[in-house]
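These notes concern the structure reproduced below.
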Amino acid sequence: MTKVGIIIGSTRPGRNGEAVARWVHELASQHGGAEYDVVDLAEFDLPHLDEAVPAAAGQYAHPHTQRWADAVRALDAFIFVTPEYNHSMPGVLKTALDFVYAEWNHKAAGFVGYGVDGGIRAIEQIRQVMAHLKVADVGPQVALSLWTDFVNLSEFQPDPRHEATLKTMLDEVLSWAEALRSVRAGTLAQPVA
Ligand SMILES: Cc1cc2nc3c(=O)[nH]c(=O)nc-3n(C[C@H](O)[C@H](O)[C@H](O)COP(=O)(O)O)c2cc1C
């Protein structure tokens with residue numbers, strides 16, 4: 001069974017990300033076709049990158065890195081639930097991406113963004129990182145507006161139209177995760193320059 005991690009990209013106290021991730025998890029579970037788990041970066045409590053050796057070498061010195069590597073390795077695909085901070089992704093999400101390498105490779109990803117403009121600039125930046133991590137990111141993405149999908153910028157009440165986009169994105173993520181299964185099975189990740 002394909003395993004999909006719904007990664008909450010914000011750890012901010014009072015964050016909107018948790019409600020968005022719950023919504024994604026509920027709809028994805030109804031959608032089926034895979035096992036869906038919420039992966040909360042707050043529970044991993046990663047520090048600023050403190051590994052001496054770049055992640056692509058796969059030599060992890062710290063238990064927190066190993067724990068994060070184990071969690072990412074167990075997944076076949078990712079749904080990144082990300083807000084936009086200063087036209088980019090939150091630092092905590094970039095750090096989580098940087099901490100490990102081979103564990104991301106040859107998997108699929110989709111995005112649910114939120115912010116003033118649906119988190120689209122944050123997602124565009126994550127897509128650049130995905131290429132380097134060898135993650136196949138699908139085109140359809142959910143863009144939630146703080147103005148129209150939240151009441152008072154904080155109470156999540158998504159417009160129902162987003163459900164169809166989420167389903168399209170899930171279908172593509174699942175098919176790419178499946179298509180890349182043989183690549184994952186047959187490839188040893190090589191260190192990158
Ligand atoms: C440091 C910071 C920077 C932000 N910058 C942007 C931004 O550039 N564009 C945007 O659309 N929203 C921006 N916002 C608004 C966030 O997208 C919004 O507060 C969102 O709910 C944050 O996600 P979270 O509540 O899950 O942490 C910013 C919020 C914070 C805290």
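The values are calculated or read from the model by the stated rules, or taken from the named source; none is laboratory data. As the structure is a computational prediction, the values presented were derived from the model and not from experiment. Neighbour counts run over all protein chains shown; Cβ positions are idealised from the backbone, glycine included.
Looking only at region 144-151, decide whether some residue is away from the ligand (no atom under 16 Å from the Cβ) and farther than 18 Å from HIS25 by Cβ. Taking every residue of region 144-151 in turn, none turns out to be away from the ligand (no atom under 16 Å from the Cβ) and farther than 18 Å from HIS25 by Cβ.
Scanning region 1-30 for residues that are within 14 Å of the ligand (Cβ to nearest atom) and assigned to a loop (DSSP other than H, G, I, E, B) turns up GLY9, SER10, THR11, ARG12, PRO13, GLY14, ARG15, ASN16.
Matching residues to (1) within 16 Å of the ligand (Cβ to nearest atom); (2) among the charged types (D, E, K, R):
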site: ALA109; (1), (2): no, no
site: GLY113; (1), (2): yes, no
site: ASP117; (1), (2): yes, yes
site: GLN125; (1), (2): yes, no
site: MET130; (1), (2): no, no
site: LEU133; (1), (2): no, no
site: GLN141; (1), (2): yes, no
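Within region 42-64, residues that are in a loop (DSSP other than H, G, I, E, B) have Cβ atoms under 9 Å from residues that are modelled with pLDDT under 95 in these pairs: PRO54/PRO191; PRO54/VAL192; GLY58/ALA189; GLY58/PRO191, counting only partners at least 6 apart in sequence or on another chain.
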